[in-house]
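Taken together, the values in this text are just the output of simple stated rules run on the coordinates, not laboratory data. Everything numeric in this text was worked out from a predicted model, so none of it was measured. Cβ sites come from the backbone with ideal geometry, for glycine too, and all protein chains shown count toward neighbours.
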Amino acid sequence: MHVRTTLVDVYSRGGDLNSARQLFDTMPERSLVPLTSMITRYAKHGEVVKAQALFDTK
């Protein structure tokens, strides 16, 4: 869980939102940390609609 959470954060910080999202989607358990990371990075990269959609579904 910790390794996957870290990888989601690393991928998203590096701008590889596709890889981050793929990994995020395969996580058996999702804590607030990877969810927040994905929403934040989507918003920072101008993907506000995706950030909002992810926020709304969780």
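Residues SER12, SER31, ranked from the fewest to the most other C-beta atoms within 10 Å, line up as SER31, SER12. Seen through its C-alpha gyration tensor, with square-root eigenvalues sorted a ≥ b ≥ c, the chain comes out oblate because a/c lies at 1.5 or above while a/b is not bigger than b/c.
Based on DSSP H segments of at least four residues, each scored -39500 (n - 2.57), the chain has a per-residue ellipticity at 222 nm of -23000 deg cm²/dmol.
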